[in-house]
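Trainee: The structure's right below; bear with me while I get my questions together.
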Amino acid sequence: MRRARLRKLIDMKGCINAIEAHSGLTGLIAENTKVYDDGKAYQFDAMWISSLCDSTVKGKPDIELVDMTSRFRTIDEIMEVTTKPIIFDGDTGSLAEHFVYTVRTLERVGVSMVIIEDKIGLKKNSLFGTEVKQNQDSIENFCAKITAGKKAQKTKEFMICARIESLILEKGMKDALKRAFAYVKAGADAIMIHSRKKEPDEVFEFTKRFRANDKTTPVVVVPTSYNQVTEDEFKRRGINIVIYANHLTRSGFPAMKKTAEIILKNHRSLETNEMCMSIKDIINLIPEE
Ligand code: SPV
Ligand code: MG
């Protein structure tokens with residue numbers, strides 16, 4: 001049921017959102033956070049298991065160093081305590097020969113979508129852009145990986161999303177569009193277009209030109225750098241999934257660091273009282289069943 005829900009939500013709502021989760025606790029935040037505004041309730045539709053955050057919480061760089069077995073453990077931890085659909089960051093998907101096994105495992109455990117990016121060799125985080133050496137895969141090779149993945153899955157609902165790095169690597173709009181159409185032809189169920197620009201213009205231009213030829217394939221965005229854009233605007237522009245890829249990790253780390261510094265400075269913890277939830281709240285946060 002969980003696996004199939006992502007597609008259903010996209011069909012129902014047109015545009016959905018997802019927030020990163022990297023543990024049982026952050027999974028619970030994604031699952032249970034609700035706000036009320038103008039008489040309406042808002043909550044997240046799905047969860048994103050980010051390679052950046054899954055690596056960072058383990059104190060490791062985002063270079064496909066945290067192996068799949070460990071990444072699957074994270075999924076398991078989150079699934080134990082949540083019900084919302086999961087979008088998994090599959091990095092490059094590794095070799096096609098390995099990717100088929102990843103697809104089968106993700107599908108079997110109930111993940112809804114894997115996103116793989118068209119990079120090859122030592123993967124670095126996309127937000128470094130051209131500041132570090134990163135190589136894009138050939139269209140032929142990446143298409144073969146997508147097709148192998150699609151062949152390997154057993155259900156209709158599991159989705160493979162192809163992530164295009166052309167704008168990140170400054171290869172141009174034409175290259176991004178050419179890849180998008182080729183990846184859809186190879187079997188991709190969705191396209192993620194990534195950008196690290198401060199303005200959303202290139203993402204909007206890509207989507208407009210993609211939509212001129214493809215009205216249905218879902219488009220996914222990760223607006224980390226151009227985060228002034230609202231979900232309503234993304235929806236109007238023809239985008240279907242908006243991922244808040246790293247915000248629980250990025251907000252949690254400074255809070256923890258500050259608390260540690262205050263304790264060291266004062267040689268006691270009294271001064272952290274205001275920043276900490278109460279003992280009563282923490283012991284009651286996770287009720288026993
Ligand atoms: C991640 O969250 O790991 C991603 C998105 O892949 S980004 O960090 O923007 O590359
Ligand atoms: Mg990643």
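Trainee: Order these peptides, 126-133, 33-40, 174-181, by their mean beta-carbon neighbour count within 10 angstrom, highest first. Write down the numbers at each step before the final one.
Mentor: On the way: 126-133: 13.4, 33-40: 7.5, 174-181: 18.9.
Highest to lowest by the protection proxy: 174-181, 126-133, 33-40.
Trainee: Through the Karplus equation 6.51 cos²θ - 1.76 cosθ + 1.60, θ set to phi - 60°, convert the phi angles of the stretch 176-192 into ³J(HN,Hα) values in whole Hz; use x for Gly and Pro.
Mentor: Each residue of the stretch 176-192 in turn: 4, 5, 4, 5, 4, 5, 5, 5, 5, 4, 6, x, 4, 8, 7, 10, 9 Hz.
Trainee: Relative contact order of the stretch 32-184, please, whole-number percent, based on alpha carbon pairs below 8 angstrom and at least 6 residues apart.
Mentor: On the way: 205 pairs, mean separation 31.4, N = 153.
Contact order relative to length: 21 percent.
Trainee: May I ask you to give the percent of accessible area on the chain that is carbon plus sulfur, with a probe radius of 1.4 Å?
Mentor: Using a 1.4 Å probe with all protein chains present, the chain comes out at 56 percent carbon and sulfur.
Trainee: Suppose only helical runs count, i.e. DSSP H with n ≥ 4. What mean residue ellipticity at 222 nm does that imply for the chain under -39500 (n - 2.57) per run, divided by all residues and rounded to the nearest 500 deg cm²/dmol?
Mentor: The helix contribution divided over the chain gives -14000 deg cm²/dmol.
Trainee: With the crude spin-label approximation of a point 7 Å out along Cα→Cβ, what separation in nm comes out for D67 versus D201?
Mentor: Modelled inter-label distance: 4.6 nm.
Trainee: Taking only protein heavy atoms into account and a 1.4 Å probe, give the accessible area per residue of the chain in Å².
Mentor: Details: 15310 Å² over 289 residues.
Ligands and nucleic acids excluded, the result is 53 Å² per residue.
Trainee: Over the stretch 151-289, what is the relative contact order in whole percent, taking alpha-carbon pairs under 8 Å and six or more residues apart?
Mentor: Details: 141 pairs, mean separation 23.0, N = 139.
Across the stretch 151-289, relative contact order equals 17 percent.
Trainee: If R0 is 35 Å, what FRET efficiency do you get for V81 and T216 from their C-beta distance, rounded to 0.05? Write down the numbers at each step before the final one.
Mentor: Details: r = 34 Å, r/R0 = 0.97.
After rounding, the FRET efficiency stands at 0.55.
Trainee: Need the C-alpha centroid separation for the stretch 176-193 versus the stretch 211-289, integer Å.
Mentor: Taking the Cα centre of the stretch 211-289 as reference, the centre of the stretch 176-193 is 29 Å away.
Trainee: Using a 1.4 angstrom probe on the protein heavy atoms only, could you order D201, D89, D76 from most to least accessible area?
Mentor: Sorted by accessible area, descending: D201, D76, D89.
Trainee: Any chance you could check the Cα centroid distance between the stretch 1-25 and the stretch 52-105 for me, in angstrom?
Mentor: The stretch 1-25 and the stretch 52-105 have Cα centres separated by 16 Å.
Trainee: Something else: Kirkwood hydrodynamic radius (Cα pairs, Å) of the stretch 1-106? Each step should come with its number before you reach the end.
Mentor: Details: mean 1/r = 0.0676 Å⁻¹.
The Cα-based Kirkwood calculation yields 14.8 Å.
Trainee: Between their Cα atoms, which of K151/K208; K34/K124; K119/K156; K215/K235 are more than 23 Å away from each other?
Mentor: Values: K151/K208 30 Å; K34/K124 34 Å; K119/K156 26 Å; K215/K235 13 Å.
Beyond 23 Å: K151/K208; K34/K124; K119/K156.
Trainee: Rounded, prolate or oblate: pick one for the stretch 247-289, where a ≥ b ≥ c are the square roots of the eigenvalues of its C-alpha gyration tensor, a/c under 1.5 means rounded, and failing that, prolate if a/b is larger than b/c, else oblate. Don't skip to the end; give the middle numbers.
Mentor: Working: a/c = 3.29, a/b = 1.38, b/c = 2.38.
Cα axes put the stretch 247-289 in the oblate bin.
Trainee: At 7 Å along Cα-to-Cβ for each site, give me the label-to-label distance between T155 and S278 in nm.
Mentor: The two pseudo-label positions are separated by 4.2 nm.
Trainee: Further question: Rank G129, I116, I164 by how far each Cα sits towards the positive end of the charge dipole of the stretch 116-178 (+1 on Lys, Arg Cβ; -1 on Asp, Glu Cβ) and give me just the farthest.
Mentor: Of G129, I116, I164, it is I116.
Trainee: Whole number please: convex hull volume per residue of the Cα set in the stretch 65-158, in Å³? Walk me through the numbers on the way to the answer.
Mentor: On the way: hull volume 9.9 nm³, N = 94.
Enclosed volume per residue, from the Cα hull, is 105 Å³.
Trainee: Give me the compactness ratio for the stretch 190-289, meaning the Cα radius of gyration over 2.2 N^0.38 Å. Write out the running numbers ahead of the final one.
Mentor: On the way: Rg = 20.9 Å, N = 100, 2.2 N^0.38 = 12.7 Å.
In units of the globular-protein estimate, the stretch 190-289 measures up at 1.65.
Trainee: So what is the relative contact order of the chain, in percent, for Cα pairs below 8 Å that sit 6 or more residues apart? Walk me through the numbers on the way to the answer.
Mentor: Details: 481 pairs, mean separation 52.0, N = 289.
In percent, rounded to a whole number, it is 18.
Trainee: Is the shape of the stretch 128-181 best called rounded, prolate or oblate, per the rule: a/c under 1.5 gives rounded, else a/b larger than b/c gives prolate, else oblate, with a ≥ b ≥ c the square roots of the Cα gyration tensor eigenvalues?
Mentor: prolate
Trainee: At 37 °C and a viscosity of 0.692 mPa s, what translational diffusion coefficient does Stokes-Einstein give for the stretch 156-239, taking Rh as the Kirkwood radius over Cα pairs? Give it in µm²/s as a whole number. Write down the numbers at each step before the final one.
Mentor: Values: Rh = 12.9 Å.
In µm²/s, the coefficient rounds to 255.
Trainee: Can you compute log10 of I(q)/I(0) for the chain with the Debye formula, treating each Cα as one identical point scatterer, at q = 0.10 Å⁻¹?
Mentor: Values returned for q = 0.10 Å⁻¹ are -0.54.
Trainee: So how do 116-124, 186-194, 268-276 stack up, highest first, on mean other-Cβ count within 10 Å? Don't skip to the end; give the middle numbers.
Mentor: Values: 116-124: 19.6, 186-194: 23.1, 268-276: 10.4.
Ranking, from highest mean packing down: 186-194, 116-124, 268-276.
Trainee: Given R₀ = 22 Å, what would the calculated FRET efficiency be for Y36 paired with Q228, taking r from the Cβ atoms and rounding to 0.05?
Mentor: Values: r = 24 Å, r/R0 = 1.08.
The pair Y36/Q228 has a calculated efficiency of 0.40.
The values are calculated or read from the model by the stated rules, or taken from the named source; none is laboratory data. Since the model is a prediction, treat every value here as computed from it, not as a measurement. Using ideal geometry, Cβ is built from the backbone for each residue, glycine included, and neighbour counts are taken over all protein chains shown. When the accessible area is computed, the model is the full protein with side chains, heavy atoms only, and any ligands, DNA or RNA have been set aside. Shrake-Rupley method; radii C 1.70, N 1.55, O 1.52, S 1.80 Å.
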